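What follows is a single structure, written as structure tokens, with notes after it.
All of the numbers you see were taken from the coordinates with simple rules; none came from a lab. None of these values were measured; they are calculated from a predicted model. FYI the Cβ positions are ideal-geometry reconstructions off the backbone, even for glycines, and counts take in every protein chain you see.
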Amino acid sequence: MDGGEATAGDADAARTAAVSRETAETTIDLTLAIDGDGEAEVETGIGFFDHMLESFAKHGLFDLTVRCDGDLGIDDHHTVEDVAIVLGEAFAAALGDKRGIVRYADRQVPLDEAVAGVVVDVSGRPHFAFDGEFSQPTIGEFTSDMARHFAYSLSMNAGLTLHTEVSGANAHHEVEALFKALARSLDDATRVDPRRSDTPSTKGEL
């Protein structure tokens with residue numbers, strides 16, 4: 001199978017999705033519960049990336065499982081990119097018509113000397129912007145700039161308008177702050193507003 005296959009839960013019962021993707025470069029099985037407890041089971045073959053996905057789940061209160069068998073003999077690019085694609089597809093499937101969500105969020109997260117900022121609109125119109133740079137090129141077996149590409153691929157496949165920025169002196173701190181800011185902003189933006197029963201758009205859809 002080339003590409004992703006998503007199944008979503010009953011929107012009235014739970015905002016969940018399961019997505020599988022198989023290509024010549026990666027094989028991925030992922031499940032997501034937006035309204036979770038922050039539990040994660042992750043195995044991508046890249047230790048630091050596993051840590052970032054676990055942190056993403058913990059700080060966004062998402063329940064997340066990821067199993068990825070990727071072509072790590074080449075590098076980490078396809079694994080990180082394709083996990084982001086599948087995670088984005090899972091968010092899109094789990095949110096459905098986005099009825100009642102808050103939609104917008106803005107979060108800044110510090111980690112020691114580093115700080116990352118994320119502004120998100122769950123708009124259905126993918127757009128990505130990034131400001132900053134990472135202070136070291138690699139963190140273990142993880143290429144630092146793949147954090148930027150992860151956020152880009154997530155936004156394109158979840159249908160997010162996403163503006164991000166990082167600053168600091170330690171790439172581990174910068175990347176971790178970015179993943180935490182992504183998590184906190186997505187948690188905020190995907191929450192259901194009890195005052196709203198419709199889709200938060202004058203167009204009537206997102």
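Table for the structure above
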| read-out | value |
| --- | --- |
| In nm, spacing of pseudo-spin labels at Asp37 and Asp106 (7 Å Cα→C-beta vector) | 3.5 |
| Candidate aspartates and glutamates - alpha carbon under 14 Å from Lys180, same-chain residues fewer than 8 apart omitted | Asp50, Glu54, Asp106, Asp112, Glu165, Asp188 |
| Positive-pole candidate from Ala177, Ile46, His163, dipole of region 4-190, charges at beta carbon | His163 |
| Relative contact order of region 93-162, pairs being alpha-carbon contacts under 8 Å that are 6 or more residues apart, as % | 34 |
| Most to least packed among 109-117, 175-183, 160-168 [average Cβ atoms within 10 Å] | 175-183, 160-168, 109-117 |
| Principal axis box of region 37-77, alpha-carbon based, largest edge first, Å | 35, 14, 12 |
| For the chain, share of DSSP beta bridges that run antiparallel, in % to the nearest 5 | 80 |
| Convex hull volume per residue in cubic angstrom - Cα atoms of region 4-190 | 94 |
| Only Lys, Arg (+1) and Asp, Glu (-1) charged, at Cβ; the chain dipole about Cα centre in debye | 1040 |
| Region 150-203 and region 88-104: distance between their alpha carbon centers, rounded to Å | 12 |
| Relative contact order, percent, region 32-160 [alpha-carbon distance under 8 Å, six or more residues apart] | 26 |
